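Here the structure is laid out as structure tokens; the discussion comes afterwards.
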Amino acid sequence: MSKDQYLIEKNGNKYEVIIGLEVHAQVLSESKLFSSSATKFGSEPNTQVSLVDAAFPGMLPVINEFCVRQAVKTGIGLNAKINKKSIFDRKNYFYADLPQGYQISQYKDPIVGEGTVVLDLPSGSKTIGIERLHLEQDAGKSIHDIDPSSTLVDLNRSGVALMEIVSKPDLRSPEEVNLYIKKLRSIMRYLGTCDGNMQEGSLRADVNVSVRKLGTDKLGTRCEIKNVNSIKFMQMAIEYEANRQVELIEEGNAVDQETRLFDTKKNQTRSMRSKEDAHDYRYFPDPDLLPLEFDDQFIENIKKEIPELPDQKKNRFIEKFKLSPYEATILVSDLDTSRFFEKVIEKSDIKLSANWITGELFALLNKNNLEISESPISPENLSKLINLISEGIISGKIAKTIFEIMSKENKDPNIIVEEKGLKQESDPKALENLIQKVLRSNEDKVNEYKSGKDKLFGFFVGQVMKESKGKGNPKMINKILKEKLNG
Amino acid sequence: MTNLIDLTLNDLVNKVKSKEISSKEITTAYIDRSKQSKKLNTYVEETFDSAIKSSEKFDTNPDFKKKLPGIPLAVKDLFCTKNVKTTASSKILENFIPSYESTVTENLWNEGAILIGKLNCDEFAMGSSNETSHFGNVISPIDDNLVPGGSSGGSASALAAKLTPATIGTDTGGSIRQPASFTGTVGLKPTYGSCSRYGIVAFASSLDQAGPMTKDVKDCALLLEVMSSFDPKDSTSINFKRPNYSSNLNKYIKGKKIGIPKEYRVDGMPFEIEKLWEKGKNYLKDCGAEIIDISLPHTNYALPTYYIVAPAEASSNLARYDGVKYGFRAEGENLIDMYEKTRSQGFGDEVKRRIMIGTYVLSSGYYDAYYLKAQKVRKLIKNDFDNAFNKVDAILTPSTPSSAFKVGDKKDDPVSMYLNDIFTVPVNLAGLPGISIPAGLDKNNYPLGLQIIGKPFDEQGILNIAYSMEEKINFKLKTNDWWIK
């Protein structure tokens, strides 16, 4: 056990927190799981609803093969067992935004079985087990706050394909949950199977939390926190919930198995329903659908479409580009970032490129709250800027100025250098002239330097730089100055 | 004109094609007779005016290549018909007008048929006497106050009373074959997956099949040919080569092996049914078929199995009728209250009974003992048939354990009502094709039927056997039009 383990202490007792996640990831697909309706986010209410989605009499579901491929692809990305035969079941319950009166899901026989996700922790890597992945329909949306006297229902989401990815109870801290979600999202984005957009609800999770005294093996009673839609809320919910449970135990009370909700206004979880009130979903195989079956060839064909995934890419970056594990992790965490990086280094120095992307570019994006795909500076232009530095045409300092200009107008840095006359002065003669000028007008300082005041060297460099309007090649200035002063 | 309504579907088709009669003449004849036959309560929705217009349209620009050229047809009100009210004979769908057409009815209209109305049935097809309909019970033309059977009771009654030249029904546990048997008509339930379920109000998805109900076997072959199609909109539709049932229809059944299952000789079966069955065997022998005794050992478990599987699926299929999106809604204090009131008022007693049974057998703690066990038994029943079909080509049984009964006779005794389906239910559980043909009369002159069960997709085989027997039996349905004043 490392010393940075996440523990909750109460009355001198230390508790470990056990977390398992059921992530609901919306399948990236043009159409729904069992109908041809569109899935576009943000459309007018009830404009993407077919007769099947609204459960009209006599309407029947027909599986969307693309969604099946997406689930299999995700399964492969999770190093998981792909089940060649799986079964769709009906989960029966009544709600206004559930038109069929049941959700088509997979219960006993999911499409994907056990797999793994590897987390990069400061202390090393940790493998989180995946229990299963299954396909299911999303429900519609009940809107309670538009009409004062009634609830309105929007069925645009009704029937949209979701992948429920169930982890084993292997997570131990809010930070691990953060890394897990991010890694899962990264894998699915690499695969193109889920856009992972949490604001739009494409990724949500039910969080199972229990606590146990450090050093004991038996799992405590868990509580399930339903439908949390941001990593921050997940972390807050876990922290609150774990502390609540520890407190209960310390007071000599038992934790009740129940379903809870996270109140984002109070930052608390509260009880939604107890185990006794739990729904009896009366699962049974959907007689409208045949078992979902495919052969090895189907899986093999999908395997051919699997791109290089984050872990593989990270290893490649470390081995081939000699990046540090830290840099590599950052650069591969997002597919677009890794693509940006690889585009830049096609023509530029690897180390400089990594520094500029993780440094200046990330700062710029963060400041403006942009994704790398929205970067105002194209990888081509960043590459050119980096080349200007490595070729000694501009200094690092000037480069920052140019970067600043580029962030406002995505212009070729070569043109900026030309237009603004920012080219570095590297002509030894011209620099020598400048240096002579500075030394002449500061004879007293020259004497002081010569009598041992070494620190003044910096002063001369600064003066020469100033005289060159910042364009002097610092390396050469240093070299020539040294010759003049020491010669 | 009177003889128009006495013609078979095939006769009508031929006469239209030879331009002897027009679509309008036929349509008018059936509509006129339907109007005189209100007492039978067969129609829940009439589309007479639009039908006349359609027939005129057909006559102006006739297409004689169609298989049902300008033929008027009334259909069971379980088939969704575009812009025509579709209720499943339930209050909960009392005013429901679909914007879409079921695949099976679409197939009819594509071959030139014209809708003249929607026919009464048991509510959501749950019943064996057409007494559970929200729109009142249907009377059989065979006798006053006699049930036509169910659930396709309106269809059987309308057909036997000559209000439609042929019709279509749905059969989940016998809902085509039993009413056909009660009314002296021919009814066929195809192999599961032969007729698309798209647009048919679902009762029990793994059992429901649409099928033809006709005056004779030849009509049955023709109508099945039109109805059956592979439909990508129904995931359980099967893509098999559908033969041309009517042109392949023949009476050469010499050497065919017909099985007689000993388990169908149930206790208390009337002697006249026993006799009828015996007669059936002899007809088959006369046709050159070979009679072989067989065993279907799990037959006894079919009915209880059916009454677990069907309600389980129904309880879930009917969850969509919740007052939220369409159909009847009772106002309530809140969502739950609205659900409770809508469903209490919207569904009839039999439907509620089955929803409750279904909910119970799927409940946690009971699932394994009921639903799962029933699925296992269903497999055994299927295996029984598979084994039997290693030895025989088809199986002959009575269609029902008794003839039609009087309205109200069994209404308060659901189990005795359920027993009506004892010979038909195993066929649905095994997904097989089965046809009921009229074979005789009981002591009250009420019709009795024989059932021929075939191998999967061997509709042609059982049609040919039925066709051969039909000639020997030479059954003539006689009604004296007592219900027409």
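Nothing in this text is a laboratory measurement; each read-out follows from the coordinates by a stated rule. Everything numeric here is computed off the predicted structure, so don't read it as measured data. With ideal geometry, Cβ positions are generated from the backbone for all residues, glycine too; neighbour counts draw on all protein chains shown.
Quick check: Cα centre of the range A:130-163 to Cα centre of the range B:408-485, how many Å? Taking the Cα centre of each part, the range A:130-163 and the range B:408-485 sit 47 Å apart. Taking amide hydrogens as placed 1.01 Å from N in the peptide plane, the amide H of B:Thr132 sits under 5 Å from those of B:Glu123, each at least 5 positions away in sequence or on another chain. Computed from backbone phi, the HN-Hα couplings of the range A:238-249 come to 5, 4, 4, 5, 5, 5, 4, 5, 4, 4, 4, 5 Hz, rounded to whole numbers (Karplus: 6.51 cos²θ - 1.76 cosθ + 1.60, θ = phi - 60°; Gly and Pro given as x).
Per-residue ellipticity at 222 nm for chain B, helices alone: DSSP H runs ≥ 4 residues times -39500 (n - 2.57), over residue total, nearest 500 deg cm²/dmol?
Details: 15 runs with 169 residues, N = 485.
Only helices count here, giving -10500 deg cm²/dmol.
Rounded to the nearest whole Hz, the Karplus-based 3J(HN,Hα) values (6.51 cos²θ - 1.76 cosθ + 1.60, θ = phi - 60°) of the range A:265-272 follow the sequence 7, 8, 6, 9, 9, 9, 5, 9, with x at glycine and proline.
Among DSSP beta bridges lying fully in chain A, give the percent that are antiparallel, nearest 5. If you can, show how the numbers build up before the last one.
Working: 59 of 64 bridges.
Roughly 90 percent of the beta bridges in chain A run antiparallel, per DSSP.
Phi-derived couplings, Karplus 6.51 cos²θ - 1.76 cosθ + 1.60 at θ = phi - 60°, listed residue by residue for the range A:340-348: 4, 4, 5, 5, 4, 7, 4, 10, 10 Hz, with x used for Gly and Pro.
Per-residue ellipticity at 222 nm for chain A, helices alone: DSSP H runs ≥ 4 residues times -39500 (n - 2.57), over residue total, nearest 500 deg cm²/dmol? It would help to have the intermediate numbers written out before the result.
Values: 16 runs with 182 residues, N = 487.
Taking each H run of at least 4 residues, the total per residue is -11500 deg cm²/dmol.
In summary, the aspartates and glutamates within cross-link reach of A:Lys14, defined as a Cα separation below 20 angstrom excluding same-chain residues under 8 places away, comprise A:Asp4, A:Asp170, A:Glu175, A:Glu176, A:Asp217, A:Glu239, A:Glu241, A:Glu247, A:Glu250, A:Glu251. Which of the residue pairs B:Lys57/B:Lys485; B:Lys325/B:Lys352; A:Lys347/A:Lys469 have a Cα-Cα distance greater than 24 Å in the structure shown? Going by Cα-Cα distance, B:Lys57/B:Lys485; A:Lys347/A:Lys469 fall outside the 24 Å limit.
When you filter the GluC sites (Glu not before Pro) in the range A:1-74 for DSSP loop state and at most 16 other Cβ atoms inside 10 Å of their Cβ, you are left with A:Glu30.
Among the chymotrypsin sites (Phe, Trp or Tyr not before Pro) within the range B:8-77, which fall in a DSSP loop and have no more than 16 other Cβ atoms within 10 Å of their own Cβ?
Numbers: sites: B:Tyr30, B:Tyr43, B:Phe48, B:Phe58, B:Phe64; in loops: B:Phe64.
Filter output for the range B:8-77: B:Phe64.
Here the contact order of the range A:195-335, divided by its residue count and restricted to Cα pairs under 8 Å and six or more residues apart, works out to 15 percent.
What do you get for trypsin sites (Lys or Arg not before Pro) in the range A:325-406 restricted to DSSP loop and a cutoff of at most 14 other Cβ within 10 Å of the site's Cβ? Could you put the intermediate results ahead of the total?
Numbers: sites: A:Arg339, A:Lys343, A:Lys347, A:Lys351, A:Lys367, A:Lys384, A:Lys397, A:Lys400; in loops: A:Lys347.
Those satisfying the criteria are A:Lys347.
Taking every alpha-carbon pair under 8 Å whose residues sit at least 6 apart, chain A reaches a relative contact order of 14 percent.
When a/c reaches 1.5 or more, the comparison of a/b and b/c decides; with that in mind, is the range B:368-473 rounded, prolate or oblate per its Cα gyration tensor?
Working: a/c = 3.10, a/b = 1.06, b/c = 2.93.
Here the range B:368-473 falls in the oblate category.
A straight Cα-to-Cα reach below 20 Å connects A:Lys85 with the lysines A:Lys73, A:Lys108, A:Lys303, B:Lys376, B:Lys379, residues fewer than 8 places away in its own chain not being considered. Summarising the strand pairing of the range B:2-257, around 70 percent of its internal DSSP beta bridges are antiparallel. For B:Lys391, a cut-off of 17 angstrom between C-alpha atoms picks up these aspartates and glutamates, skipping any fewer than 8 places away in its own chain: B:Glu263, B:Glu290, B:Asp293, B:Asp458.
Of B:Lys24/B:Lys82; B:Lys254/B:Lys455; B:Lys24/B:Lys162, which ones are farther than 26 Å apart at the Cα?
Cα-Cα > 26 Å for no pair; all within.
Over all other residues within a Cβ to Cβ distance under 15 Å of B:Phe271, the charged ones net out to -1, with Lys and Arg as +1 and Asp and Glu as -1.
How big is the antiparallel share of DSSP beta bridges in chain B, given as a percent to the nearest 5?
Values: 28 of 40 bridges.
Percent antiparallel among DSSP bridges in chain B is about 70.
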